[in-house]
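The values are calculated or read from the model by the stated rules, or taken from the named source; none is laboratory data. These figures come from a predicted structure and were not determined experimentally. A quick note on method: Cβ atoms are made from the backbone with ideal geometry, for glycine too, and the neighbour counts reach across all protein chains shown.
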Amino acid sequence: MATVMQKIKDIEDEMARTQKNKATAHHLGLLKAKLAKLRRELLTPSSKGGGGAGEGFDVTKSGDSRVGLVGFPSVGKSTLLNKLTGTFSEVASYEFTTLTCIPGVITYRGAKIQLLDLPGIIEGAKDGKGRGRQVISTARTCNCILIVLDAIKPITHKRLIEKELEGFGIRLNKEPPNLTFRKKDKGGINLTSTATTTHLDLETVKAICSEYRIHNADITLRYDATADDLIDVIEGSRVYIPCIYVVNKIDQITLEELEILDKLPHYCPISAHLEWNLDGLLDKIWEYLSLTRIYTKPKGMNPDYEDPVILSSKKRTVEDFCNRIHKDMLKQFKYALVWGSSAKHKPQRVGKEHELEDEDVVQIIKKV
């Protein structure tokens, strides 16, 4: 491990020393590619060392969505988890009380949301220090991440945690890069761009590709992509997760300080201890998870508004709805009747490719 760690440090030092300009762009691109490969080695250690997920980290995914709480020790994650879920997670004012990953479930607007209190991430987690690797590999499975910050020193902590998560291929509040990368058998590296300006030139692209031993590929840029974007696409293991910055202990700061924090994007102020604005936090979590509630209506009966079927924003067709209820349902599917904002008239007769919207009511008509 020390050798990989040392190599990472050496590259980071060299990058810090290198001036950023056009002449050094391809050199920096090459260093970034080397760094991404080394970090991947840390994430996927050889099986000989038994570097598995570690005790208490294999939490079975349950419920409709998974939210991870990440933060430095003693920022109040355990208190927040207790208040939101009633799960007992040992709370103490000394550092590192949570050494395993503790799950809890909140039922909110009919959805079951699993909350994970991930042990305090310390600086250097991405480089294998502490139990960072297990924490981060669990964080990668979440549908939303809450970075819990202490209102006293939020900005420095925010930057450090973002750097840790970024280093492990977690991209917060970002969309995947809009570029096409296609390997081929011959013809060298071809770069085409429809963007008006671009950071990436052919020399930098070739330098990055050569680090991955790719000598023939077509790359199309649709916007001003960076070397980091290209590396993300080649690596292919990046996860794009919505994130809320939960600033805790706001009872300990002044109104002026709170107004400054209020300008942060993706931010939610709370006091877990005093239970201030926990409703606001739950609303924001709901918004960032972008879940869709669909109510079922058995034939001749009223809709069941108590127990909605929960779909994600990406998978919300009638087909997805059927699969969520029972895997054999589609075999008997004839058509569906839909009431709600996705229906042109009430009810609308639709096929299985129809896109549903939040709080639609669906009745499935089976083949006779």
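Listed values, structure above:
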item: Residue within segment 93-104 that is in a loop (DSSP other than H, G, I, E, B), surrounded by 15 or more Cβ atoms within 10 Å (Cβ to Cβ) and at pLDDT 80 or above present; result: no
item: Residue match in segment 231-243 (condition: within 20 Å of the chain's Cα centre (by Cα), acidic (Asp, Glu) and buried (at least 19 other Cβ atoms within 10 Å of the Cβ)); result: yes
item: Thr220 vs. criteria over 23 Å from Ile170 (Cα atoms) and in contact with a strand residue (DSSP E or B) (Cβ under 6 Å, 6 or more places away or on another chain); result: yes
item: Unique match (being in contact (Cβ under 8 Å) with a residue 24 or more places away in the chain, in contact with a Ser or Thr (Cβ under 8 Å, 6 or more places away or on another chain) and not aliphatic (A, V, I, L, M)) among Asp229, Asp251; result: Asp251
item: Residue that is under 30 Å from Leu172 (Cα atoms), touching a His at 6+ places or on another chain (Cβ under 9 Å) and of a type outside the set (Asp, Glu), where the choices are Tyr288, Tyr267; result: Tyr288
item: Any chance Pro269 is outside the structural domain of Lys20 (by TED's automatic domain parsing) and buried (at least 17 other Cβ atoms within 10 Å of the Cβ); result: yes
item: Qualifying helices (runs of 4 or more DSSP H) (wholly inside segment 190-308; at least 2 residues being over 30 Å from His27 (Cα atoms) and of a type in the set (A, V, I, L, M, F, W, C)); result: 255-261, 278-289
item: Filtered residues of segment 204-226 (kept if in contact (Cβ under 8 Å) with a residue 40 or more places away in the chain, crowded, with 17+ Cβ neighbours inside 10 Å and not β-branched (Val, Ile, Thr)); result: Lys206, Ala207, Glu211, Leu221, Ala225
item: One residue from Glu55, Glu14 being farther than 21 Å from Leu146 by Cβ and either at pLDDT 85 or above or buried (at least 18 other Cβ atoms within 10 Å of the Cβ) (or both); result: Glu14
item: Out of Lys284, Lys263, sole residue that is farther than 14 Å from Val362 by Cα and modelled with pLDDT under 90; result: Lys263
item: Subset of segment 153-187 (residues that are closer than 15 Å to Tyr267 by Cβ, assigned to a helix (DSSP H, G or I) and in contact (Cβ under 8 Å) with a residue 24 or more places away in the chain); result: Pro154, His157, Lys158, Ile161
item: Residue check, Asp150 among the acidic types (Asp, Glu), touching a residue at least 12 places away in the same chain (Cβ under 8 Å) and surrounded by 17 or more Cβ atoms within 10 Å (Cβ to Cβ); result: yes
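Residues checked against (1) of a type outside the set (A, V, I, L, M); (2) out of contact with any helix residue (DSSP H, G or I) (no Cβ under 6 Å at 6 or more places or on another chain); (3) crowded, with 16+ Cβ neighbours inside 10 Å:
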site	(1), (2), (3)
Lys284	yes, yes, yes
Thr296	yes, yes, yes
Pro308	yes, yes, yes
Ser312	yes, yes, no
Arg316	yes, yes, yes
Val338	no, yes, yes
Ser341	yes, yes, no
Glu355	yes, yes, no
